[in-house]
Amino acid sequence: MLPTLNGRIQTRIFMLVVFGGVITLVLTPVLPGDPDYRTTYLILAAVLVLGVLWELVYHAIQQLRWEKDWPTLFGLVTALNEGALLWLLLDLELVPGIDYPYDGVPFWAFFIDFSVIWLVVWVWTNGPMRVPFIRWRFFGGRII
Amino acid sequence: MIDPTAASVVPTTDPSTYLPAQPISGDLTDQLLQTDFWTDDMVAAAGIPIVDIPFVTIGGGIGSFVTVDYLRIAGVPTSQMRVLSTLDFPWQTYEYLTRVSQVPRPERIRSDSASRPDNIWGFPSYGFAEGVRHFDPKVLWGLLTEPIFADYYTPKAGNVFEQLEREAKRISYDEMLVKGLVRIVRRRYGGGYFTILTPPEGASATKRVAFRSQYVHLAVGYPGLKFLPELQRYRTENNDYRHIVNAYEAHEHVYERLVQTPSTVLVRGGGIVASRILQRLMDDREKHGAQTKIVHLFRTYIHGTNDGYGNEEDQRPGGGRTRVTMRRRGGDGWAYQGFNYPKSVWGGQLKAQVRNLEGEQRAELYKRMGGTNTPYRRSWQRQMKQGRREGWYSCVVGTVDEMRPSGERILNRVRTAQGVVPVEVDFVIDCTGLEADIAEHRLLKDLLDHGGASRNPVGRLNVDRTFELIGTQSGGGVMYASGATTLGGYFPGVDTFLGLQVAAQEIYGDLNKRGFCKRIGPVRSTVQWWKWLAGSAP
């Protein structure tokens, strides 16, 4: 990807709202540990809010690259740091608004929902997104 | 054809094929040539027939092709557009230049996986398609890990041409193609333009034909590639066109001689073409037992991190210190970069940045990210390492003061930092890629003199963000330009596949605002993509 900071943030919001929203809607009832929609959507919102902050970090890292690009692989491995931080916050019950069950948010529910969304968004960003939005790739990932 | 005495090595159309055997009517008059705005009556009075067509594109190479491809997808029928060209098919010049510079069809060009001139979406990318079609996990793994753990994927030249051929058929390109040489474009009194075409002999009853159009698109490619002056002087003075060649002219005879007779070759230049020529020389050693010794002459020897002003550690007139955020890798003479610009000029940060810069600031950024460079490819590194170890590949840094014949060989006096050293070789291959000025192109010179066109901070054609040629507007008519002639504008990577598509998208957008074509919104775009996939007409 060849993102600008503005494009990164717009793409992040678009992808999480569209794909994150739909996937969470479909997956929540079948996730292990039986989380409710309120919990899964609040976690999705946390991915979004933290994600915007992460984009600032990625943008700073990108400045050290001569090409000012963001290699395909980076888009995949950043799931690790983002997922780990979010799980840490959930484990410490620091994500606001969630009615934490006595034994905490079920890990596998978080893991499956997060991974599926991440993979779908990553695949879509690296190809099919260019089909409906012809300007997107030439404008740093901006949608508007 | 190539005229060996001319300073240009790009094949030019032989003007004699476009001149009538006998004087016939319908030629340009002095009055027309001296007038900036033409009326319909003036053209008619000269006996030149007028053809009405809303959009013409001049050039007929890949620049014209991707532009009409965009417009066809935006719903413009073939009857509304004409491609005026001396080429039989859009990739003709490109294929010639890549073939002679040692990228025949099975070899890979230096281009990104997602820059597909046959597909405006760049999806599926060349790499993805190649990896899936032949189920090649190595290609797919490369795409996933480039450029960190693998070299950038690049497509095979042959595949690019085959896909272009498919797309040309799909959009009925041939229905739009009109063969001929465009002599001049002049603004029309009352709006629009006259484009004067000289058809091939026998194709028209008159010497010229005028295309009267609302829109004109110029995509004439490189104004010309030149030899270094000392090489050109040697060639003409000694009438020797065999031992001194430019990488962009056919020079297979050099490689044939090298396989038969152990010889020494001087390779000049530090860019992608030099890399390809070296690869051919080194491949011939490996595969055909050639005993070639290679002397590689760099003008600037890159030995570490660098930018367009040169090495980080050297004197950098005008460049100041390199910035941590703007440093390129380099070594062994070369500056390493995946493609011919830093990748983000085609859509990311650098594209956005240059779009907002004017004048000197823009020229400065061009300079900083520029400079001759070549991709780091593991296979080339291996071959060159072997050459250094075995003593058949050596480098010299400097410029050539003088060249003279020495028996069958050529004696070069090279000015280096340590003084002048003699380098005697059997062949010289020039890979420096010196480009001619745009005014050496007759059509462009006329536009600068009579069409209202001007030069940008880098000296090429001054185009706006929409690729409109600034100063050439004529009533409701607009002239656009894309490709190498527009280098230096608000968008840097113009002379590349993806650059031509970026330009085509801007031109399509502007024409859409003017009501010439439909909007390619998400629905139209998706439907059209499926049509592309199925191979059915847009």
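The values are calculated or read from the model by the stated rules, or taken from the named source; none is laboratory data. Treat the numbers as computed from the prediction; the structure is a model and nothing was measured. Here Cβ is always computed from backbone atoms with ideal geometry, including for glycine, and neighbour counts include all displayed protein chains. For accessibility, only protein heavy atoms count, side chains too; no ligands or nucleic acids. Shrake-Rupley method; radii C 1.70, N 1.55, O 1.52, S 1.80 Å.
Dividing the alpha-carbon radius of gyration of the stretch A:5-137 by 2.2 N^0.38 Å (N being the number of residues), what value is obtained?
On the way: Rg = 15.4 Å, N = 133, 2.2 N^0.38 = 14.1 Å.
It is 1.09.
Please give the per residue accessible area of the stretch B:261-347, computed with a probe of 1.4 Å over protein heavy atoms only, in Å².
Here the residues of the stretch B:261-347 average 40 Å² of exposed surface.
Kindly sort A:Leu73, B:Leu71 by accessible area of their heavy atoms, largest first, with the probe set to 1.4 Å. Could you put the intermediate results ahead of the total?
Working: A:Leu73 25, B:Leu71 0 Å².
From most exposed to least exposed: A:Leu73, B:Leu71.
What number, in percent, do you get for the relative contact order of chain A if the mean sequence gap of Cα pairs under 8 Å and at least 6 apart is divided by its residue count? Can you show the working numbers first?
Details: 129 pairs, mean separation 68.2, N = 144.
About 47 percent, as a whole number.
Assign unit charges at the C-beta atoms only (+1 for Lys and Arg, -1 for Asp and Glu), then state the dipole size of the stretch B:306-369 relative to its Cα centre in Debye, rounded to the nearest 20.
Charge dipole of the stretch B:306-369: 280 debye, to the nearest 20.
What residues does the stretch B:114-136 have that are buried by at least 40 Å² of accessible area in the full protein assembly compared to the chain on its own, 1.4 angstrom probe?
Hits at the 40 Å² cut-off: B:Trp121, B:Phe123.
For the stretch B:454-491 and the stretch B:101-174, what is the centre-to-centre distance using only Cα atoms, to the nearest Å?
Answer, in whole Å: 30.
Summing -39500 (n - 2.57) over the DSSP H runs of n ≥ 4 in chain B and dividing by its residue number, what mean residue ellipticity at 222 nm do you reach, to the nearest 500 deg cm²/dmol?
Helix contribution divided over all residues of chain B: -9500 deg cm²/dmol.
Do any residues of the stretch A:97-144 show a loss of at least 40 square angstrom of accessible area between the isolated chain and the full protein assembly, using a 1.4 Å probe, and if so which?
Output list: A:Arg130, A:Val131, A:Pro132, A:Ile134, A:Arg137, A:Phe138, A:Phe139.
Against the longest alpha carbon principal axis of chain B, how many degrees, from 0 to 90 and to the nearest 10, is the axis of helix B:497-513 turned?
20 degrees
Checking the a/c ratio against 1.5 first, then a/b against b/c, what shape does the Cα gyration tensor give for the stretch B:182-333?
oblate
Taking R0 as 51 Å, what FRET efficiency do you get between A:Trp122 and B:Ser25 from their Cβ-Cβ distance, rounded to the nearest 0.05?
0.20
Heavy-atom accessible surface, probe 1.4 Å, ligands and DNA/RNA ignored: which residues of the stretch B:312-343 lose at least 40 Å² versus the isolated chain?
The answer is B:Thr325, B:Lys343.
Compute the relative contact order of chain B as a whole-number percentage, counting only Cα pairs closer than 8 Å that sit 6 or more residues apart in sequence.
Relative contact order of chain B: 19 percent.
How high is the FRET efficiency from B:Thr399 to B:Ser536, r the C-beta distance, R0 56 Å, rounded to 0.05? If you can, show how the numbers build up before the last one.
On the way: r = 56 Å, r/R0 = 1.01.
Efficiency, rounded to the nearest 0.05: 0.50.
Which of the listed residues, A:Thr125, A:Leu86, A:Leu25, is farthest toward the dipole's positive end in the stretch A:16-144, when Lys, Arg count +1 and Asp, Glu count -1 at the beta-carbon?
Working it through, the farthest residue towards the positive pole turns out to be A:Thr125.
Enter the angle in degrees (range 0 to 90, nearest 10) between the Cα long axis of helix A:5-15 and the first principal axis of the Cα atoms of chain A, meaning the one along which they spread out most.
Here the helix axis deviates by roughly 50 degrees.
For the stretch A:5-137, what is the accessible area per residue in Å² when the probe is 1.4 Å?
Heavy-atom accessible area per residue stands at 48 Å².
DSSP beta bridges in the protein assembly as shown, what fraction antiparallel, as a percent rounded to 5?
Close to 50 percent.
Run the 1.4 Å probe and let me know the accessible area of B:Lys156, rounded to the nearest 10 Å².
80 Å²
Lys/Arg Cβ at +1, Asp/Glu Cβ at -1, dipole of chain B taken about the Cα centre: which of B:Ser406, B:Val245, B:Ile272 is farthest positive-ward?
B:Ile272
Quick one: buried accessible area between A and B, total over both chains, 1.4 angstrom probe, nearest 100 Å²?
3100 Å²
Leaving out ligands, DNA and RNA, and with a 1.4 Å probe, what % of the accessible surface on the stretch A:5-137 is carbon or sulfur?
76 percent
Taking the Cα atoms only, what angle lies between the long axis of helix A:72-91 and the longest principal axis of chain A, rounded to 10 degrees?
For helix A:72-91, the angle is close to 30 degrees.
Using a Förster distance of 51 angstrom, determine the FRET efficiency expected from the C-beta separation of A:Val18 and B:Arg233, and round it to 0.05.
About 0.20, to the nearest 0.05.
In chain B, carbon and sulfur make up what percent of the accessible area (probe 1.4 Å)?
Working: 11120 of 21810 Å².
About 51 percent, which is the carbon plus sulfur part of the accessible surface.
To the nearest 10 square angstrom, how much accessible area does B:Asp151 have with a 1.4 angstrom probe?
Result for B:Asp151: roughly 50 Å² accessible.
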